[in-house]
Amino acid sequence: MTTIQDTRMELEKVFGALVQAYLPQVTGYDVEVDLIENHRKKRSDAARESWRPEIGEIRIRFVGRPSTTTAVVEPQIHDPEDDDHFHEDMSHPTNLGNLIEALDGAERRPGYSFVSLKWFRDKVMPAVGTIWADTYESRSEALREAIEDGVILTGKVPNPNAPTFPVTAIRLNRGHPDVVRVLGISRSGLDDFSAVDIRE
């Protein structure tokens, strides 16, 4: 069965390329598509055929911030005297630890040279299994805070499927004290991390 989630991913790919072809100023943003029915989002596990256009609509939005760099920024080494500080911006430091461990695991996938921000947010973070990663909004906020705090670095890398549309890539700033603290103290769960296949 083809689900609403499958359909959303397909539409995001199609609409993203189409809109950027006509509006180059949106290059660098991620495209998000929602299928709405009766003013509510359709369940992601519902069948594609269950969406009815006579009472529904399709909403497209652009999320993220375009990067001005053409490559992933090199990590910034922090003062060791700051190592005793641990950010609690995501309600509890454990949440940031979950995020760091998940991204560390994603970066270690064999055969992959980068981690797409969109793939990590939409595929890896929901699999973390914590409440704060259950919704798109909470995942986006967690990533935004980690990027603003310098825990995660962003940059543009070539898109292997569409070379004219670079991908926003993310990676850990392994010199950041929070990253050093999390990965240096607890590596539990990393060996169990498995990559999620992306439908093309």
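Across region 98-127, the number of residues qualifying as in a helix (DSSP H, G or I) and open to solvent by 30 Å² or more (accessible area, probe 1.4 Å) comes to 8.
Cβ separations smaller than 8 Å between residues 6+ apart or across chains give the following pairs from region 34-55 residues that are part of a loop (DSSP other than H, G, I, E, B) to residues that are among the hydroxyl-bearing types (Ser, Thr, Tyr): Lys42/Ser50; Ser44/Thr3; Asp45/Thr3; Ala46/Thr3; Trp51/Thr7.
Pairing each residue of region 145-169 that is touching a residue at least 40 places away in the same chain (Cβ under 8 Å) and under 13 Å from Phe114 (Cβ atoms) with any residue that is of a type in the set (Asp, Glu) and open to solvent by 40 Å² or more (accessible area, probe 1.4 Å), provided the two are 6+ apart or on different chains, yields C-beta distances under 9 Å for Leu153/Glu74. Taking each residue of region 3-22 that is within 21 Å of Lys41 (Cβ to Cβ) and among the charged types (D, E, K, R) and looking for partners that are open to solvent by 70 Å² or more (accessible area, probe 1.4 Å) and modelled with pLDDT under 80 with beta-carbon atoms closer than 6 Å, six or more apart or interchain, yields nothing.
Table: residues versus (1) part of a helix (DSSP H, G or I); (2) surrounded by fewer than 17 Cβ atoms within 10 Å (Cβ to Cβ); (3) at pLDDT 75 or above.
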{"position": "Met1", "(1), (2), (3)": "no, yes, yes"}
{"position": "Phe15", "(1), (2), (3)": "yes, yes, yes"}
{"position": "Arg61", "(1), (2), (3)": "no, yes, yes"}
{"position": "Glu88", "(1), (2), (3)": "no, yes, no"}
{"position": "Ser91", "(1), (2), (3)": "no, yes, no"}
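The values are calculated or read from the model by the stated rules, or taken from the named source; none is laboratory data. Owing to the predicted nature of the structure, the values given are computational and were not obtained by experimental measurement. FYI the Cβ positions are ideal-geometry reconstructions off the backbone, even for glycines, and counts take in every protein chain you see. The area values use the complete protein model at the heavy-atom level, side chains included, leaving out ligands, DNA and RNA. Shrake-Rupley method; radii C 1.70, N 1.55, O 1.52, S 1.80 Å.
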